[in-house]
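K.L.:
Before we start, here is the structure in question, set down as structure tokens.
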Amino acid sequence: MTSRATQNLATFTLHDGGGVPLVLLHGFPLDHRMWVTCAEHLPPGVRAIGVDLPGAGHSDLDGYPPSIEHIADAVYRTMIEAGEGNAVVVGHSMGGYVALALAERHPGFVAGLALVDTKSTADTEEARAKRLRIAAAVDESQTVDAVLGMPANLVGATSTEQRRGLFPLLDSWIRAQSPAGVAWSQRAMAARPDRTAVLERLDAPVAVVVGAEDTITPLAEAEHMVQAAGSPSGPAMGDAALTVVPGAGHMAVVEDPQAVAAALGLLHTHVVAHH
Ligand code: MLT
């Protein structure tokens, strides 16, 4: 069943072009701005639309209980109402959880799927309990203080040494989020199921991208998704391709935007050929 979003999500054209677009879904606790530089590095003619997920950036919460499925339906409805019949859906981390729910609920919309520093497995009980504790702390303080320490884990060891400018940037993005949105998103992520089987069923090209230094959704999670989607076939790209970005962590999209853009460009080419 498709849940009803009472309003459409905020969208941003981040790269001009024609044909099937890339729809870029951000991670937590961020918004579409994490994609801006990466989108600038896309090959000419590849259209990219950034979305602010409910409660993030310019998109409000609409009173619906926390649910990744509801986010997926809101993205779908927003795109359909904007006249986009299908898209290459690209999800970073929490955006990847949404992308998998979108592929499960609206498979005809997904012409291709890119999963960037994310995973298809559910949370452990421990991780779930931690999310609920953070959500409660954010509610109680009415600030995002409980997630301000995240950048130290989000970027990899190389960026911690060599890309210090990412810290104030990530910090400014996180501070701009609403406490209500942060708490809602944590509860939505805590409730999500394992969606590995979605990859086994999906009839569309898949690209999996992971920073070699990602400690939040590490390489083993990426390999698990590639295996589910099909046999890894390297640069020629069969059912699923794996790109490991050296010198980058969980935020490969901002740590090495060119490398991620190259992988997304390849997937887009493959989707166009597949059609
Ligand atoms: C994200 O980057 O979206 C989060 O770290 C994902 C998560 O908390 O599972």
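The values are calculated or read from the model by the stated rules, or taken from the named source; none is laboratory data. The shown structure was predicted, so the numbers you read here are calculated from the model rather than taken from an experiment. Note that we place each Cβ from the backbone using ideal geometry, even for glycine, and neighbour counts take in every protein chain shown. The accessibility values were calculated without ligands, DNA or RNA, using every heavy atom of the protein model including side chains. Shrake-Rupley method; radii C 1.70, N 1.55, O 1.52, S 1.80 Å.
K.L.:
At 1.4 Å probe size, what's the solvent-accessible area of residue 41? Round to the nearest 10 Å².
P.N.:
Accessible area, nearest 10 Å²: 80 Å².
K.L.:
Taking the solvent-accessible surface of protein heavy atoms with a 1.4 Å probe, what is the per residue accessible area of the chain in Å²?
P.N.:
40 Å²
K.L.:
Ordering 16, 139 from largest to smallest accessible area (1.4 angstrom probe), what's the sequence?
P.N.:
Details: 16 120, 139 65 Å².
Greatest to least solvent exposure: 16, 139.
K.L.:
Something else now. How would you order 57-69, 162-174, 116-128 from highest to lowest mean count of nearby Cβ atoms within 10 Å?
P.N.:
Packing order, densest peptide first, comes out as 116-128, 57-69, 162-174.
K.L.:
I would also like to ask the following. Sticking to Cα atoms, compute the Rg of the chain to one decimal and its Dmax as the biggest Cα-Cα distance, whole number, in Å.
P.N.:
17.0, 51
K.L.:
Compute the length gained on full extension between residue 7 and residue 82: take 0.36 nm times their separation in residues and subtract their Cα-Cα distance, giving the result in nm to one decimal.
P.N.:
Result: 25.7 nm gained on full extension.
K.L.:
Moving on to the next point. Rounded, prolate or oblate, given the Cα gyration tensor of the stretch 96-212, with a/c below 1.5 counting as rounded? Intermediate results must be reported in sequence, preceding the final value.
P.N.:
Numbers: a/c = 2.15, a/b = 1.37, b/c = 1.57.
Cα axes put the stretch 96-212 in the oblate bin.
K.L.:
As a check on your grasp of the helix formula, calculate [θ] at 222 nm for the chain: sum -39500 (n - 2.57) over DSSP H runs of n ≥ 4, divide by the residue count, round to the nearest 500.
P.N.:
Details: 12 runs with 119 residues, N = 275.
Estimated from H runs of four or more residues: -12500 deg cm²/dmol.
K.L.:
Given the protein chains as shown and a 1.4 Å probe, how many square angstrom of residue 33 are accessible, to the nearest 10?
P.N.:
90 Å²
K.L.:
Let me ask something else. With +1 assigned to the C-beta of every Lys and Arg and -1 to the C-beta of every Asp and Glu, and no other charges, what is the dipole magnitude of the stretch 49-102 about the Cα centre in debye, to the nearest 20?
P.N.:
Working: 1 positive and 7 negative charges, 29 e Å.
So the dipole magnitude of the stretch 49-102 works out to roughly 140 debye.
K.L.:
Here's a follow-up. If you place +1 on the Cβ of every Lys and Arg and -1 on the Cβ of every Asp and Glu, how big does the dipole about the Cα centre of the chain come out, in debye to the nearest 20?
P.N.:
On the way: 17 positive and 30 negative charges, 38 e Å.
Dipole of the chain, to the nearest 20 debye: 180 debye.
K.L.:
Once Lys and Arg get +1 and Asp and Glu get -1 on their Cβ, which of 107, 262, 204 lies farthest toward the positive end of the dipole of the chain?
P.N.:
Result: 107, furthest along the dipole toward the positive end.
K.L.:
Something else now. Quick one: dipole size for the stretch 121-275, taken about the Cα centre, charges +1 on Lys/Arg Cβ and -1 on Asp/Glu Cβ, in debye to the nearest 20. Could the numbers behind the result be given before it?
P.N.:
On the way: 11 positive and 18 negative charges, 66 e Å.
Computed charge dipole of the stretch 121-275: roughly 320 debye.
K.L.:
Hey, another quick one. Just the number, please: carbon plus sulfur as a percent of the accessible area of the stretch 18-132, 1.4 Å probe, no ligands or DNA/RNA counted. Write out the running numbers ahead of the final one.
P.N.:
Details: 1840 of 3490 Å².
Percent of accessible area from carbon and sulfur atoms in the stretch 18-132: 53.
K.L.:
On full extension of the chain, what length is gained from residue 125 through residue 37, given 0.36 nm per residue of separation minus the C-alpha to C-alpha distance? Intermediate values should be presented prior to the final figure.
P.N.:
Numbers: separation 88, 0.36 × 88 = 31.68 nm, distance 3.55 nm.
Gain on stretching residue 125 to residue 37: 28.1 nm.
K.L.:
Right, something else. State, to one decimal in nm, how far the label point of residue 139 lies from the label point of residue 274, with both points 7 Å from Cα in the Cβ direction.
P.N.:
Those two pseudo-labels are separated by 4.0 nm.
K.L.:
A further question on this structure: Using label points projected 7 Å from each Cα along Cα→Cβ, tell me how many nm separate residue 169 and residue 197, to one decimal.
P.N.:
About 4.0 nm separates the two model spin labels.
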